[in-house]
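The structure appears right after this line, and notes come after that.
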Amino acid sequence: MATVVLVGTQWGDEGKGKVTDYLAAKADIVVRYQGGNNAGHTVVVGEEVFRLHLIPSGILYPDKICVIGNGVVIDPAVLINELDALAAREVPTARLVISERAHVILPYHRYLDELEEDKKGAGKIGTTRRGIGPAYVDKVGRVGVRMIDLLDTETLRRKIRQNLEDKNHLFSRVFGAEPLDADAITRDYERYAGRLAPLVADVSILLHEAIDQGKNILFEGAQGTLLDVDHGTYPYVTSSNPTAAAAALGAGIGPTKIDRVVGVCKAYTTRVGEGPFPTELRGEMADRIRERGGEYGTTTGRPRRCGWLDAVIVRYAARINGLDFLAVTKLDVLTGLDTLRICRGYRYGGQLLTEFPASLSVLAGAEPVYDELPGWDEDISGVRLYEDLPPRAQDYLERITELTGVPVALVGVGTRRSQMLVRHDVFGQGK
Ligand code: IMP
């Protein structure tokens, strides 16, 4: 029985949805602790493909409780759409519990995200334009609307009216854009409140009781370590903390209650949005990886930038998150390549850097230093035991462990639930 945090070790899109779906089978509760509907998980169950943005993928198991923690920012219209889409496919959703302390995304957040990105032009962050950043700005600026406010009509009206007074000034004076109508927004949000009210609760109490009862709890991080507002490639980051420590904060438990941290690492690297990416590939090899790996954003459909695995990044993620294990995903995508490369350091200004730099200009000028390994040709998508992987695929995984210091517990060889090789039971060992 254990509490396990699952985090992305790269720039998001590591395949956390599939690993969460796999681990959720063993969990009693699955918790989202940060981010919002900027995230996107694709989970394949049998012949069905589910795309989830807010609701933890544990919802696809009929007996799991799913929790949206206080650290998440919730767009209620998106959440309701997701609930309806699941209900239409006969997935029961009454087991979803939403923190009363989670913040709400409002239309003015989305609007501002669009206006700010457009204004920045070539200097844009490349956000998902879902209003995530502006919602977190309001949270820290102490003018946010929480789920508990959404349920209290008077407070909701007052906060929307007050916030829009300021925001409408900004829209018209700074951006030359149309103001928004507080009454129309309030009416919509009152409707959402009616729909979501039965799901809203004090999540911290629920999780404490579950921990005391020795339940298995999986905390699923959205995005990845390099998109963390503190530890990522600032300012090309999201506005929350996808790293492991935030699981405690974003769910209302103490850090001593976390038993284990698993980092999800794609067998290569991808990035959406702007910002430096040392191992980025261009041309034929990038296209090949993108097509074979289906590297298009779940949320925005944008083609992802693709590159070789960067072990400097994964080793950094190991340190920042305190990783116990790695789950390496999409190993099958690399099948058929003659030579594989893993970045072990960067050459910059005549020096070899082995630690991930804080400076974006250093990162932009960093030249990757690669280890080269021979590839494998065998189709590995049907392999179910680690020992049955071709020796060169095993060597590739072992090199990842050598370079990062983290053992590999899980290996993904395809999109299906069954296409996961297990070397360690991450829930198995207790504290
Ligand atoms: P925002 O989170 O929409 O503000 O976007 C900020 C940055 O994070 C942009 O580079 C986005 O592309 C990136 N981002 C946000 N969510 C995800 C995700 O789930 N996967 C990958 N990148 C993401």
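Would you mention how many residues in segment 315-328 are touching a residue at least 12 places away in the same chain (Cβ under 8 Å) and assigned to a helix (DSSP H, G or I)?
Result for segment 315-328: 6.
Kindly indicate whether residue 146 is farther than 13 Å from residue 107 by Cβ, surrounded by 12 or more Cβ atoms within 10 Å (Cβ to Cβ) and either at pLDDT below 95 or of a type outside the set (A, V, I, L, M, F, W, C) (or both).
Spelling it out, residue 146 is indeed farther than 13 Å from residue 107 by Cβ, surrounded by 12 or more Cβ atoms within 10 Å (Cβ to Cβ) and either at pLDDT below 95 or of a type outside the set (A, V, I, L, M, F, W, C) (or both).
Using the structure shown, decide if residue 54 is under 27 Å from residue 230 (Cβ atoms), within 16 Å of the ligand (Cβ to nearest atom) and outside the structural domain of residue 189 (by TED's automatic domain parsing).
yes
For (1) of a type outside the set (A, V, I, L, M, F, W, C); (2) not in a loop (DSSP other than H, G, I, E, B), each residue gets a yes or a no:
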{"site": "387", "(1), (2)": "yes, yes"}
{"site": "393", "(1), (2)": "no, yes"}
{"site": "399", "(1), (2)": "yes, yes"}
{"site": "410", "(1), (2)": "no, yes"}
{"site": "414", "(1), (2)": "yes, no"}
{"site": "418", "(1), (2)": "yes, no"}
{"site": "427", "(1), (2)": "no, no"}
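Tally the residues that are buried (at least 21 other Cβ atoms within 10 Å of the Cβ) and either touching a helix residue (DSSP H, G or I) at 6+ places or on another chain (Cβ under 7 Å) or hydroxyl-bearing (Ser, Thr, Tyr) (or both), restricting the search to segment 249-266.
8
Only residues that are outside any strand (DSSP E or B), surrounded by 13 or more Cβ atoms within 10 Å (Cβ to Cβ) and among the acidic types (Asp, Glu): list them for segment 368-378, please.
If the condition is that a residue be outside any strand (DSSP E or B), surrounded by 13 or more Cβ atoms within 10 Å (Cβ to Cβ) and among the acidic types (Asp, Glu), then 378 is the only one that fits.
Mind checking which residues of segment 38-61 are assigned to a strand (DSSP E or B) and modelled with pLDDT of 90 or more?
If the condition is that a residue be assigned to a strand (DSSP E or B) and modelled with pLDDT of 90 or more, then 52 is the only one that fits.
How about segment 329-342: which of its residues are within 16 Å of the ligand (Cβ to nearest atom) and part of a loop (DSSP other than H, G, I, E, B)?
If the condition is that a residue be within 16 Å of the ligand (Cβ to nearest atom) and part of a loop (DSSP other than H, G, I, E, B), then 330 is the only one that fits.
When residues of segment 344-385 are filtered for being over 26 Å from residue 416 (Cβ atoms) and under 29 Å from the mean Cα position of the chain (by Cα), how many remain?
Qualifying residue count, segment 344-385: 22.
Considering every residue within segment 356-367, establish whether at least one is closer than 30 Å to residue 235 by Cβ, surrounded by 13 or more Cβ atoms within 10 Å (Cβ to Cβ) and in contact with an Asp or Glu (Cβ under 7 Å, 6 or more places away or on another chain).
Within segment 356-367 (the criterion being closer than 30 Å to residue 235 by Cβ, surrounded by 13 or more Cβ atoms within 10 Å (Cβ to Cβ) and in contact with an Asp or Glu (Cβ under 7 Å, 6 or more places away or on another chain)), the answer is no, since none of the residues qualifies.
Would it be correct to say that residue 345 is without any contact (Cβ under 8 Å) to a residue 60 or more places away in the chain, in a loop (DSSP other than H, G, I, E, B) and not aromatic (Phe, Trp, Tyr)?
no
Answer yes or no as to whether residue 92 is of a type outside the set (Asp, Glu) and over 20 Å from residue 42 (Cα atoms).
Judged against the criteria, residue 92 is not a match.
Looking at (1) surrounded by fewer than 19 Cβ atoms within 10 Å (Cβ to Cβ); (2) of a type outside the set (D, E, K, R); (3) within 30 Å of residue 275 (Cα to Cα), find the lone condition where residue 381 falls short.
(3)
Filter segment 7-18 down to the residues that are more than 27 Å from residue 77 (Cα to Cα) and away from the ligand (no atom under 12 Å from the Cβ) and list them by number.
9
Which condition number in (1) surrounded by fewer than 23 Cβ atoms within 10 Å (Cβ to Cβ); (2) modelled with pLDDT of 95 or more is the one that residue 269 fails?
With (1) surrounded by fewer than 23 Cβ atoms within 10 Å (Cβ to Cβ); (2) modelled with pLDDT of 95 or more applied to residue 269, the lone miss is (1).
Could you go through segment 329-336 and let me know if any residue there is in contact with a helix residue (DSSP H, G or I) (Cβ under 9 Å, 6 or more places away or on another chain), of a type in the set (Asp, Glu) and in contact (Cβ under 8 Å) with a residue 12 or more places away in the chain.
Yes, that holds for at least one residue.
Limited to segment 22-49, what total is found for residues that are within 16 Å of the ligand (Cβ to nearest atom) and either in contact with an Asp or Glu (Cβ under 6 Å, 6 or more places away or on another chain) or not small (Gly, Ala, Ser) (or both)?
8
Do you know which of the residues in segment 292-301 that are of a type outside the set (Val, Ile, Thr) and within 16 Å of the ligand (Cβ to nearest atom) is nearest to residue 53 (Cα to Cα)?
Filtering first and then ranking leaves 297.
The values are calculated or read from the model by the stated rules, or taken from the named source; none is laboratory data. Here the structure is a predicted model, which is why all the values come from computation and not from measurement. Reconstructed Cβ throughout: ideal geometry from the backbone, glycine too, with neighbour counts over all protein chains shown.
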